[in-house]
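The values are calculated or read from the model by the stated rules, or taken from the named source; none is laboratory data. All values derive from a computational prediction rather than experimental measurement. Every residue, glycine as well, gets a Cβ built from its backbone with ideal geometry; the counts of neighbours run over all protein chains shown.
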Amino acid sequence: MARQPAIHDAAHEEETTQPPEPGRRLQFDLKHVFAAVTIAGLVFGVIHWLGLGGTIVLSLIVGMAVAGYSLPRSPQAKPLGACGGLLLGALLIFYLLLPTVRSGTPPYALIMCRNNLKQIGLGLQNYADVYQCFPPAYVADKDGRPMHSWRVLILPYIEQKALYAQYDFDEPWDGPHNRLLASKMPACYHCEKDGPSAGTATSYVAISGAETLLSDGACSSFADVKDGTSTTLAVVEVASSGINWMEPRDLPFTALGRGLNPGAGKGISSGHPGGALGLFGDGHTDFLQNSMPIADLKALATKAGGEAVAGVDY
């Protein structure tokens, strides 16, 4: 009996000889793009403390990211979706960085400056715990001449015990031995907005005077601070102060009459746009706006003035 042509076998053979389907390649589809952009947007949003406009833009991106999971996926839609996600992400980043571009201030500069003041504040608190009072603005000799600064007195409490041990309290701050320590200024005494040209000059000074927390030549106990440490300024920024970090010289209370960032004469000032940072007696920091009334600024600087400071964003 003659064998019938193996039509079925030939078809099967033809089917099996077709080139195999290429393996699945690693692809970044729409949901991956949206997820990456959304995460980037959230990170930048948290860092820059989103305002209303930034929140709206971020909400749009999150909404599109969620929608990306439900949209039909086609080869034509993927490139368009990827480009759209990247465009929205770029717009969000530009929006968040726009204040930085306008002001020329790196966002980390203000953060680092605040951290410096917090470390100084911790030093003041630790000093007060040991001596039951805040350090004086300066220590004077028997004739009343300023000899040593509060910035030297708190060195053991800001992790600078070795530097403190090298300081000689038997001679003035600029004596033949102590002047050799000028170049060893602790990093927390310098704001990077002052730039490297500041050299050994500190960026942070006390508000000094008989009525202030760091009084001239005298300690202030907690009982002396009748206005409360949380509402009493202790240390402020002064840009390009020209004050050596060991020098027993600070910002006198009378200089507050010039306001913030005065055009002439030394006063509370900084390279940060809009104002300057201040450290309070309880160790917290706040940004002092240029628009703060001088009367309120003086009220914050007194330790027992009894003034009411209401409605001030400081």
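With Gly271, Gly242, Gly228, Gly283 as the choices, which residue is under 27 Å from Val139 (Cβ atoms), in the same structural domain as Gly123 (by TED's automatic domain parsing) and touching a helix residue (DSSP H, G or I) at 6+ places or on another chain (Cβ under 8 Å)?
None of the others qualify; the one that does is Gly283.
Close Cβ contacts (under 6 Å, 6 or more residues apart or on different chains) running from residues in region 124-152 that are touching a residue at least 60 places away in the same chain (Cβ under 8 Å) to residues that are loosely packed, with under 12 Cβ neighbours inside 10 Å and not polar (S, T, N, Q) comprise Met147/Asp141.
Out of (1) in the same structural domain as Arg145 (by TED's automatic domain parsing); (2) in contact (Cβ under 8 Å) with a residue 40 or more places away in the chain; (3) of a type outside the set (Phe, Trp, Tyr), the odd one out for Asp296 is which? Result: Asp296 fails condition (2) only.
From Gly267, Gly271, grab the single residue that is buried (at least 19 other Cβ atoms within 10 Å of the Cβ) and farther than 25 Å from Asp227 by Cβ. Show your work before the answer.
Numbers: Gly267 fails: farther than 25 Å from Asp227 by Cβ.
It is Gly271.
Here the condition is being over 19 Å from the mean Cα position of the chain (by Cα) and over 25 Å from Ser149 (Cβ atoms); of Gly274, Gly263, Gly267, it holds for Gly263 alone. Considering only residues in region 200-238 that are small (Gly, Ala, Ser) and closer than 19 Å to Gln160 by Cα, the one that is surrounded by the most Cβ atoms within 10 Å (Cβ to Cβ) turns out to be Ser203.
Restricting to region 136-160, name every residue that is among the hydrophobic types (A, V, I, L, M, F, W, C) and part of a helix (DSSP H, G or I).
Filtering region 136-160 down to residues among the hydrophobic types (A, V, I, L, M, F, W, C) leaves 137, 139-140, 147, 150, 152-155, 158.
Selection gives Trp150, Val152, Leu153, Leu155, Ile158.
On the given criteria, is Ala182 part of a helix (DSSP H, G or I), more than 20 Å from Gly275 (Cβ to Cβ), in contact with a strand residue (DSSP E or B) (Cβ under 7 Å, 6 or more places away or on another chain) and not basic (Lys, Arg)? Answer is yes for this residue.
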